[in-house]
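The values are calculated or read from the model by the stated rules, or taken from the named source; none is laboratory data. The structure displayed is predicted, hence computed values, not measured ones. All Cβ positions, even for glycine, are placed from backbone atoms using ideal geometry, and neighbour counts span all protein chains on display.
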Amino acid sequence: MPSCLKRLITVYKYSIFCSLCLFDFVIIFTLMTDALAERVAVLEAKLEEVCVERDLYKAKFERAEEENARLREIIKQFQRHRFGSRSERYIDPDMPIQGDLFAEVFSEEELEPANEKEANDNVISIAAHKRRKKNSKLPTNLPHREEIIEVKDKVCGCGATKTVIRYIISKRIHQIPERFEIVVEKREVVVCPRGCKGSMEAAPNPPRILPKAQVTEEFLANIIVSKLHDRQPLYHLEQKFKNRFGFEISRNKLARWFIDTSKALQPLLIL
């Protein structure tokens, strides 16, 4: 076989091989392109979801910031109202130093006549009147107790004993601090000394508003008056009994006595 024919056959085979390889490459490239397109579509969908979710959280964050700022302003107003000075003048904490707004518009010479006129307008004439004398008399409805302060040395220089001719009287209001005590009730139990049958007898128990409570009616009245008239909470009374007088009664027990006493006194309201 001639050499040129062999070369032609070799070239033909190589061209066929290259064509097959190119065809396979085109198929593989097409498959890879489709896969990448699907992957890109999936990623774009996820990116769009992430963007929507980001915008949602961003809007929530902005609303939370606005609500937080509003609540902070409300708290500042409450603090200023509760702990601030009672004045209509308010100094902004963001601008504590604020100049006169009209300093550049009006000069001091221009403001002086207006100030003098305003000062004259503020003068108010008050008619003459008589002042009432303060009443220094002590109340007469309180009980009176006399205390005689004796002179220590009643012996005169001549040796005679001095006699009382009068008193220098001065009156003062005195307070007797409240005092708590334990009342020990002893009911008599009597019996016939001759041993008669059935002669033993005990004194009747006096009627009580709350028979099972270990307090007197005066103590219950003190609780009611302190709670309703003096406006003292029950926990104040609890601390008062503990710190001043050295005995403890819980506020729950005081409340129960208060309610039970009100129920027992209910018929008095119906009258």
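When we screen 149, 169, 165, 173 for residues that are under 30 Å from residue 237 (Cα atoms) and modelled with pLDDT of 85 or more, the only hit is 173.
Conditions tested, residue by residue: (1) in contact (Cβ under 8 Å) with a residue 24 or more places away in the chain; (2) part of a helix (DSSP H, G or I); (3) of a type outside the set (S, T, N, Q); (4) closer than 22 Å to residue 208 by Cβ.
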| residue | (1), (2), (3), (4) |
| --- | --- |
| 226 | no, yes, no, yes |
| 231 | no, no, yes, no |
| 243 | no, yes, no, no |
| 256 | no, yes, yes, yes |
| 260 | yes, yes, yes, yes |
| 263 | no, yes, yes, yes |
| 269 | no, yes, yes, yes |
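The number of residues in the stretch 190-213 that are surrounded by 10 or more Cβ atoms within 10 Å (Cβ to Cβ) and either assigned to a loop (DSSP other than H, G, I, E, B) or acidic (Asp, Glu) (or both) comes to 10. Assigned to a loop (DSSP other than H, G, I, E, B), over 30 Å from residue 146 (Cα atoms) and out of contact with any His (no Cβ under 9 Å at 6 or more places or on another chain): does that describe residue 187? Yes, satisfied. Of all residue pairs spaced 6 or more apart or on separate chains, those with beta-carbon atoms under 8 Å, a first member in the stretch 192-208 that is closer than 30 Å to residue 265 by Cα and a second member that is in a loop (DSSP other than H, G, I, E, B) and of a type outside the set (D, E, K, R) are 205/211. Here residue 261 clears all of (1) exposed (fewer than 14 other Cβ atoms within 10 Å of the Cβ); (2) closer than 30 Å to residue 188 by Cα except the condition numbered (1).
In the stretch 161-183, the condition of being under 30 Å from residue 144 (Cα atoms), in contact (Cβ under 8 Å) with a residue 60 or more places away in the chain and of a type in the set (A, V, I, L, M, F, W, C) is met by at least one residue.
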